[in-house]
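Undergrad: Before we start, here is the structure in question, set down as structure tokens.
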Amino acid sequence: MLRTKPIKDVVAQGAADGTGGRPGLRRRLRAVDLMGFGIGMVIGTGIFTLTGIEAKNHAGPGVVVSFAVAGVVALLAALCYAELASCVPTAGSAYTYAYATMGEIVAWIIGWDLLLEFALGSAVVGRGWSGYLAELLDLPTAWFGEEGSIVNLGAVAIVLILGLVAIVGIRESARVANLLVLVKVAICVFVVVAGLFFVRAANLSPFIPSAEPASSGEDGIRQPVTQAIFGLEPSVFGFAGVLTAAAVVFFAYTGFEAVANLGEETKKPRRDLPLGLLGTLAISTVLYIGVSLVVVGMVPYTEIDEGAPIASAFEAAGARWAANLVSIAAIAGLTSVILVGLVAMGRIGFAIARDGLVPPSIAKVHPRWGTPYRISAIMTVGVALLAGFLPLSALADLVSIGALLAFVLVSVAVPILRRSRPDLTRPFKVPFSPVLPIISALACLYLMLNLSVETWIRFLAWMLLGGLIYFGYGYRRNRLARREHAHPEEPTPIAH
């Protein structure tokens, strides 16, 4: 279980570019395309829904601090991703980094975890997209709403359409993502500028409301793990509420990880991957802080509409036309989130199948499109079923816990790989290593502990299912195991 994948194998797989008869993904992306994918994934649910939910239920106006805290933690993790992505540009990102540094079982755990993160995130956002479309066009809630419907046709349709785009080609996906990003970034800037005219200082005071006892719905297994461990009285608001909100809104930042999955499709990965990762985080954090500040300044946090906080804030200010613009931006924003999520899932599944931890036949790359079309199609159908039949809002925290675990392992992988492979060329290096990677890992772990006990139980159940698949299939049938069996005299590298 501690077999590690040789770096030379990772580099060799990444060198195959789908030309000259070598099977592999096509290198067609530039730094601007990577930022388009990253911002396309990050700017979405966090701005258009989580702002209102967390301001009203946990942090008050202090949700601005929550976004800042989550942004700093995400930046620390992004620095670690940038170093690994620049020296080992590959599909699979955290999964492959773990395989090369900490061993097969850790790689499987993180790969299985990432599939949960992107599948569930895309399904949740698909239902949100359907709801915004129904509100904008006055469509029947029986087919497009969250409640009272057997199947959400809007969510199924958008997932299948975008899945087709992801399968047809990475360049086509990049063009669609870049267009959607331009629309929503422009409208986010408009929200900040126009919203400043409606901000009232009274709405921002107190900036961090005093802590108060939690309602009955926030205790028991729904309270944060930190409160359960230390026997603290369940509470909301106060600085503890700000940290709880930070753990939840971290969901909004997880999209930058999708950029690291595109290493094998980037023209100049050693330069462009760090630019794409850090550029995504910088732009997204500024927009999140600006928009959240405007929203809580326009409306008292106790009166914020959890479903459409930005649009309802402008409506309350008498600017209906602005509310319609925000709804259009929300649809564009959520569309790009689904698209990038499906692309990322395909690359993670491709990397896992290529290593033989699941049947390798599903990792086949299309000869014309240069995409892993089989695994992408499987993932698309799975997400469409989840989005169509399961109301997943209660499970959204699983996306955060999955991403945070990935970031913990990536942060730990940086000093491990520096020690085990000091000879690797590192175009980008995390400053002050190993101090910053250790701080990054601890910060991510602390945010994980601020998620609910219920979320941890669901997450562990998913991990148990993954363990059954690994020991039932991947442990004996993966490429390294077969190589071991064929050449037992050759020692398998062990993680240091």
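Undergrad: May I ask you to list pairs of residues, at least six apart or on different chains, whose Cβ atoms are under 6 Å apart, with the first in region 406-420 being over 14 Å from residue 96 (Cα atoms) and the second being open to solvent by less than 30 Å² (accessible area, probe 1.4 Å) and not polar (S, T, N, Q)?
TA: So the pair list comes out as 408/441; 408/444; 415/437.
Undergrad: Let me ask you something else. Of all residues in region 259-277, which are touching a strand residue (DSSP E or B) at 6+ places or on another chain (Cβ under 7 Å) and crowded, with 24+ Cβ neighbours inside 10 Å?
TA: 262, 265, 266, 272, 273
Undergrad: Look at residue 77 and say whether it is buried (at least 23 other Cβ atoms within 10 Å of the Cβ), within 23 Å of the chain's Cα centre (by Cα), of a type in the set (Gly, Ala, Ser) and modelled with pLDDT under 75. If you could, list the steps in order and put the result at the bottom.
TA: Values: buried (at least 23 other Cβ atoms within 10 Å of the Cβ): yes; within 23 Å of the chain's Cα centre (by Cα): yes; of a type in the set (Gly, Ala, Ser): yes; modelled with pLDDT under 75: no.
Here the answer is no, as residue 77 does not meet what is asked.
Undergrad: Let me ask another. For region 188-224, which positions are within 26 Å of the chain's Cα centre (by Cα) and modelled with pLDDT of 80 or more?
TA: 188, 189, 190, 191, 192
Undergrad: Given the conditions (1) more than 30 Å from residue 7 (Cβ to Cβ); (2) in contact with a strand residue (DSSP E or B) (Cβ under 6 Å, 6 or more places away or on another chain), and given that residue 449 satisfies all but one, which numbered condition is not satisfied?
TA: Exception for residue 449: condition (2).
Undergrad: Here's another thing I want to ask about it. Look through 280, 285, 254 and report the one residue that is of a type in the set (Ser, Thr, Tyr), open to solvent by less than 30 Å² (accessible area, probe 1.4 Å) and at pLDDT below 80.
TA: One residue alone meets the criteria, 254.
Undergrad: Still on this structure, please answer the following. Restricting the search to region 415-435, which residues are open to solvent by less than 10 Å² (accessible area, probe 1.4 Å) and either touching a His at 6+ places or on another chain (Cβ under 9 Å) or at pLDDT 90 or above (or both)? Reasoning before the result, please.
TA: Taking region 415-435 as the starting set, the residues that turn out to be open to solvent by less than 10 Å² (accessible area, probe 1.4 Å) are 417, 430.
430, the sole residue that qualifies.
Undergrad: Right, here's the next one. With respect to the numbered conditions (1) part of a helix (DSSP H, G or I); (2) at pLDDT 80 or above; (3) of a type in the set (S, T, N, Q), which one is the sole condition not fulfilled by residue 400?
TA: (2)
Undergrad: Among 460, 464, which is modelled with pLDDT of 85 or more, within 23 Å of residue 350 (Cα to Cα) and open to solvent by 60 Å² or more (accessible area, probe 1.4 Å)? Write out each step before concluding.
TA: Details: 460 fails: within 23 Å of residue 350 (Cα to Cα).
Going through 460, 464 in turn, just one is modelled with pLDDT of 85 or more, within 23 Å of residue 350 (Cα to Cα) and open to solvent by 60 Å² or more (accessible area, probe 1.4 Å): 464.
Undergrad: Looking at region 191-209, which of its residues are under 13 Å from residue 292 (Cα atoms) and open to solvent by 30 Å² or more (accessible area, probe 1.4 Å)?
TA: Residues satisfying the conditions are 192, 193, 196, 199, 204, 207.
Undergrad: State whether one or more residues within region 53-70 are open to solvent by 10 Å² or more (accessible area, probe 1.4 Å), at pLDDT below 85, of a type outside the set (Gly, Ala, Ser) and not in a helix (DSSP H, G or I).
TA: No.
The values are calculated or read from the model by the stated rules, or taken from the named source; none is laboratory data. Predicted model only: the values in this text are computed from it and were never measured. Quick reminder, even Gly has a Cβ in these numbers, built from the backbone with ideal geometry, and neighbours come from all protein chains shown. Accessible surface is based on the protein model in full, side chains and every heavy atom, while ligands, DNA and RNA are left aside. Shrake-Rupley method; radii C 1.70, N 1.55, O 1.52, S 1.80 Å.
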